[in-house]
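The values are calculated or read from the model by the stated rules, or taken from the named source; none is laboratory data. What you see is a predicted model; the values in this text were computed from it and never measured. Neighbour counts are summed over all protein chains in view; Cβ atoms, including those assigned to glycine, are modelled from backbone coordinates with ideal geometry. For accessibility, only protein heavy atoms count, side chains too; no ligands or nucleic acids. Shrake-Rupley method; radii C 1.70, N 1.55, O 1.52, S 1.80 Å.
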Amino acid sequence: MTDAGVDAGLMEGGRPRLLPKARLRFDQVRGRHVLLLPERAVILSETAAEILRLCDGGRTGAELVQTLERKYPGAELGGDVAEFLGEAVKKRWVEWVLPP
Amino acid sequence: MGPPSLDPPASLLAEITHRCPIHCLYCSNPLELTRRADELPTEVWLRVLAEAADLGVLQVHLSGGEPLARADLAALVERATALELYTNLITSGVGLTRARAQALRDAGLGAVQLSIQAAGPELSRVIAGGEFWQRKMDAARHVRDAGLPLGMNVVLHRYNLHQVTGLLELAASLGAERVELANAQYYGWALRNRDHLLPAREMVEAAEREVARFRERAGDTMEILWVIPDYHAEFPKPCMNGWARMFLTVAPDGTALPCPAASVIPGLDPPSVRQHSTRWIWFESPAFNRFRGFEWMSDPCRSCPRRFEDFGGCRCQAYLLAGDPAVTDPVCTYSPHRHLVTEALGRGGGDPGAPVYRMPIKTRGGE
């Protein structure tokens, strides 16, 4: 599910960034990464945590995919990452920083 | 250790005081409010925060009463932040000056949830029992100016259900990113004033349609949460997501409870953080284990497939309406006590007498 906003974000060289209100950290008790937001705590899968960790506003969506594909050679991650980012934007965990 | 399948609590509801400048007709605090002299001292709250973080708590909701009534609020936020806990301030806004909002942000506060009683000052005065409107509007501005995320929450009932669109427009104009429209739950002062507050079904349905229309118009620029009124529902709410499954409440005097209303349950004998660690309270205490799982249930819950979704509903409501905290929530269509809810709904339109405002507590300091 990639809505128009995500396509635009990817196409226009947007850089995904965690919203300032969201905090990503590792939880020792559960042994998982968690994303903390005003009204909820999301226990993340390893993949989700890896993508979100890279959403720092410093790299484009394409660069994010390249970074992950270097780490997992042979995997084609573009579609999955785009889908995940689409959901993350919809849930207001992540926003696109568009180039000026 | 408790049963191996038992998860740690994700949230701590820290009710740091019952003191509050406003007197809402539906206040969920117990009828017997804790006096200032009986409130936990700062050092105990600091210990509770550390224990909670160690136990697996991820979020702390600082609530009350009005949490701003405590001068050590920023110190508590600072400690929670150092422990990597996400902090939410749940406030009436009264006392939230520009300087205080900035100090709380600097201490690491995550977000603010501001309570609003009505879409305008006149009705707000009636529901909150005083002149607080302008201070609430100012508080919202100070929160946004401090760069903190703002949520707005409104308790809905017969007096304000017709204002739902106005409330949503107000939230948008204040810069709220999330609005919680929560139909009143009938505990504490709300139960006392139930005949005043309980809306007719048509009012609820009209409000629901207004929310849907606003959602269409506004898209997802603002998150809107609509909490259904359980008296009008066919099945009970999964109260607290199950007794002592996710939430740990600590009341102003240190009483630890699976939910803020549970102090009404007779014989519960809830533990206090003054005497026990939060770990013992969560895993071992009889009070927290009393309605965990499904063994305590009787029919119709015991053999009902819905028990895995709603956990039998609310224990406090079962006690308050049917006199037994271990029976099926009387809201449930299968409950032999459902007639108690239906009768309460049928009393609308009669003369309920004068409403009872939540009374301010006298404190030694004479505040």
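Give me the residues in the range B:73-109 whose solvent-accessible area, probe 1.4 Å, is reduced by at least 30 Å² once all protein chains are included instead of the chain isolated.
Residues losing area: B:84, B:86.
With an 8 Å Cα cut-off and a minimum separation of 6 or more residues, compute the relative contact order for the range A:3-92 in percent.
Reported as a whole number, the value is 29 percent.
Please give the FRET efficiency for residue B:202 paired with residue B:354, using the beta carbon to beta carbon distance and R0 = 35 Å, rounded to the nearest 0.05.
0.85
In whole Hz, what ³J(HN,Hα) sequence does the range B:271-287 give by Karplus (6.51, -1.76, 1.60; θ = phi - 60°), x for Gly and Pro?
In residue order, the calculated couplings are x, 10, 5, 5, 9, 10, 6, 5, 5, 4, 4, 5, 8, 10, 5, x, 4 Hz.
Once amide H atoms are placed 1.01 Å from N in the peptide plane, what residues at a sequence separation of 5 or more from residue B:19, or on another chain, have their amide H within under 5 Å of its amide H?
Answer set, sorted by chain and number: B:66.
Leaving ligands, DNA and RNA out of it, work out the accessible area of residue B:86 with a 1.4 Å probe and give it in Å² to the nearest 10.
Near enough 0 Å² of accessible area.
When the chain is fully extended, how far beyond the present Cα-Cα distance does residue B:97 get from residue B:347, taking 0.36 nm per residue of separation?
85.7 nm
Taking every residue in A:29-41, how many Cβ atoms of other protein chains lie within 10 Å of its Cβ, on average?
Across the residues of A:29-41, the mean count of other-chain Cβ atoms within 10 Å is 6.
Could you work out what % of the accessible surface of the protein assembly as shown is carbon and sulfur, using a 1.4 angstrom probe and leaving DNA, RNA and ligands out of the count?
In the protein assembly as shown, the share of accessible area belonging to carbon and sulfur is 53 percent.
Under a straight-distance cross-link criterion of Cα-Cα below 12 Å, which aspartates and glutamates are reachable from residue A:71, leaving out those fewer than 8 residues away in the same chain?
Answer for residue A:71, where 12 Å is the Cα cut-off: A:50, listed by chain and number.
Once you list every other residue whose beta carbon is under 14 Å from the beta carbon of residue B:197, what net charge do they have if Lys and Arg are +1 and Asp and Glu are -1?
+3
What residues qualify as long-range amide H neighbours of residue B:179, i.e. H under 5 Å apart, gap of 5 or more or another chain, H built at 1.01 Å from N?
Residues meeting the criterion, in which the H sits 1.01 Å from N, are B:152, B:223, B:224, B:225.
Would you kindly derive the ³J(HN,Hα) couplings of the range B:166-175 from the backbone phi angles with the Karplus curve 6.51 cos²θ - 1.76 cosθ + 1.60 (θ = phi - 60°), listing them in order in whole Hz, with x for Gly and Pro?
x, 5, 5, 5, 4, 4, 5, 6, 7, x
Which value in nm describes the separation of the simple spin-label points at residue A:29 and residue B:47, placed 7 Å from the Cα toward the beta carbon?
1.9 nm
Is the protein assembly as shown rounded, prolate or oblate when judged by the Cα gyration tensor, a ≥ b ≥ c being the square roots of its eigenvalues, rounded requiring a/c under 1.5 and prolate requiring a/b larger than b/c?
Verdict is rounded for the protein assembly as shown.
Karplus couplings for the range A:24-29 from phi (6.51 cos²θ - 1.76 cosθ + 1.60, θ = phi - 60°), rounded to Hz, Gly and Pro as x?
Here the 3J(HN,Hα) series is 10, 7, 8, 9, 4, 5 Hz.
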